[in-house]
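See structure below.
Taken together, the values in this text are just the output of simple stated rules run on the coordinates, not laboratory data. Predicted, not measured: the structure shown is a model, and the values here were computed from it.
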Amino acid sequence: MTVVVLLIALVVVFILTATLVFARQPASGTGRVRRYRRRVRAAPRFRLERRSQHRYVLRNDGGTPAYDVRLDTRDLTVTEGETHLREFGPRHAEHYLLIQPMHGRVTDLVVRWRTRPDDDDVQVTPLRLDIEAASEGQDA
C-alpha cells in the first residue's frame, strides 16, 4: 500500500513540475512582441513642456534621433528657438518662446520628422499646447 501511495505522489510531483516548466516558457511569437516594444520605446517620442507663460521646451524622450524635424507653429510668433532641425537626438531639448496671435488662440502644434535622414516617409506627431494663464509673477 505504501508503494502505491509513493508512486502516486511521484506522478503528481512529475505532473506539477512539467506544468511549471511549460508555464514559464514564452508563447510563440512573444520574442517578436518584445522586439517590437523595444523598437517603439527606442523611436523618437516628442513631448512639449510648458515652463512659464510663453516659454516651452520640446523634448525627444525616445531612444533614437529624429531627422529633418519641423515644428509647425501655425500662427504663433516664435521669438526664440529653431523650428527646423536637421537632427533631434534622444533626450535632446529645444527651448522656445511662443507668443499667441492677436486674433485667437493656437492650442495645437505639429512636429513632422523622419526616422532616417534619407527617408521619404514623414512621421507626424501632434502636440497639445498648454495655454492656461500663467500666474502674474511669472516672467516670459
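On full extension, the segment bounded by Ser52 and Glu82 gains 9.0 nm, given 0.36 nm per residue less the C-alpha separation.
Between Asp121 and Thr64, the contour length at 0.36 nm per residue exceeds the Cα-Cα span by 18.9 nm. Length gained on full extension, Val11 to Gln100, computed as 0.36 nm times the residue gap minus the Cα-Cα distance: 24.5 nm.
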